[in-house]
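Presented below is the structure to which this report refers.
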Amino acid sequence: GPLPRQKRLMYDSGLRVPHIVAFPDNQRAGSIDSSLISFVDMAPTMFNIAGITLPAYLQGQPFLGSDIPPAREHIFAAVDRTDEHYDRIRAARDYRFKYLRNYMPEQSYYLPLEYREQMAAMQELLKGRDAGTLTDAQAQWFRKTKPAEELFDTKNDPHELINLASDPKHAAKLNELRAAMDGWLNEVGD
């Protein structure tokens, strides 16, 4: 991806993917399901629709078929390697808030990926960075370091630009998502 904050980063602009399901006979046509669904849910869902018992080793949970578990409260994401560079970030999200844990805060969000730097859009961004003509929001991606933790209110800040992790008014939500992430990391052996 040649654009900042798209695939490979833990912001919604890099994680959210449209998912369209066409049912036979236009069942549920035009309906929208706002459940928290992750890519790891695809295999369990296909197994469930086919009537196959879910293997214990599968992560995720079915969102269609019979025997659907209760809606989850959180989904999770991870990144470790981006082409020739490494960065370790984990994310936990509920319906409104997103928590990021940056394990390499000394490293910039921007990674000089050889492939990406060949793209015209990336070359223009780099020119703007070097000339100091980027907006504050655009320049955020090029910060030399990142905070160890980030918390975003995706309803009021859909572009995830205002980090609330140090705001005492959001301490309870920060602790909730920290605990959810720790539980997930333990569950999957990360």
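We did not get these values from a lab; they are worked out from the coordinates using the rules stated. From a predicted model like this one, the values you see are computed outputs, not experimental measurements. Note: ideal-geometry Cβ built from the backbone for every residue, glycine included; neighbour counts use all protein chains shown.
Neighbours of residue 109 by Cβ distance under 11 Å: Lys/Arg scored +1, Asp/Glu scored -1, total +3. Our helix-only sum for the chain, with -39,500 (n - 2.57) per DSSP H run of n ≥ 4 divided by its residues, gives a mean residue ellipticity at 222 nm of -7000 deg cm²/dmol. When the listed pairs 98/127; 7/146; 7/127; 7/173; 146/173 are checked against a 28 Å cut-off, the alpha-carbon distance exceeds it for 98/127. Here the label points at residue 118 and residue 68, each 7 Å from Cα along the C-beta direction, are separated by 4.4 nm in the simple model.
In the range 135-190, a dipole from Cβ-located charges (positive for Lys and Arg, negative for Asp and Glu) runs towards its positive end, and of 184, 137, 161 it is 137 whose Cα lies farthest in that direction. Pick out, in residue order, every one of the chymotrypsin sites (Phe, Trp or Tyr not before Pro) in the range 92-125 that is DSSP loop and has at most 16 other C-beta atoms within 10 Å; say none if there are none. Qualifying residues, ordered by number: 95, 103, 115. Between residue 175 and residue 155, the FRET efficiency from the beta-carbon distance, with R0 = 22 Å, is close to 0.70. At 0.692 mPa s and 37 °C, plugging the Kirkwood radius over alpha-carbon pairs of the range 36-132 into Stokes-Einstein gives what diffusion coefficient in µm²/s? Calculated translational D: 196 µm²/s.
Distance between the modelled labels on residue 185 and residue 59, one decimal in nanometres: 1.4 nm (7 Å Cα→Cβ projection). Cross-link partners among aspartates and glutamates for residue 155, C-alpha distance below 14 Å, same-chain residues fewer than 8 apart left out? Filter leaves 12, 94. For the range 45-190, the antiparallel share of DSSP beta bridges with both residues in that region comes to about 100%.
Taken about its Cα centre, the range 53-187 carries a charge dipole of about 220 debye when Lys and Arg each add +1 at the Cβ and Asp and Glu each add -1 at the Cβ.
Peptides 139-148, 23-32 ranked from most to least packed by the mean count of surrounding Cβ atoms within 10 Å: 139-148, 23-32.
Considering the zone a paramagnetic label at residue 95 would reach in this model (a point 7 Å from Cα along the Cα-to-Cβ line), which residues of the range 154-180 have amide N under 17 Å from it? Backbone N within reach: 154-157, 173, 177.
For the peptides 117-130, 49-62, the ranking by mean Cβ contacts within 10 Å, running from highest to lowest, is 117-130, 49-62.
For the range 68-110, backbone nitrogen atoms closer than 15 Å to the point 7 Å from residue 40 Cα along Cα-to-C-beta are found at 72-80, 89-94. When Rg and the Kirkwood radius Rh are both evaluated on Cα atoms of the range 74-117, their ratio Rg/Rh stands at 1.05. Phi-derived couplings, Karplus 6.51 cos²θ - 1.76 cosθ + 1.60 at θ = phi - 60°, listed residue by residue for the range 157-168: 9, x, 8, 6, 10, 10, 7, 9, 4, 9, 7, x Hz, with x used for Gly and Pro. About its Cα centre, the range 5-128 has a charge dipole of approximately 280 debye under the convention of +1 per Lys or Arg Cβ and -1 per Asp or Glu Cβ, with nothing else charged.
Per-residue extension of 0.36 nm, minus the Cα-Cα distance of residue 162 and residue 47, leaves a gain of 37.4 nm for this segment. Between residue 28 and residue 3, residue separation times 0.36 nm minus the direct Cα-Cα distance comes to 5.5 nm. Full extension of the chain between residue 81 and residue 148 yields a length gain of 22.3 nm, computed as 0.36 nm times the residue separation minus the alpha carbon distance.
Near residue 8, once Lys and Arg are set to +1 and Asp and Glu to -1 for all other residues with Cβ below 13 Å from its Cβ, the sum equals +1.
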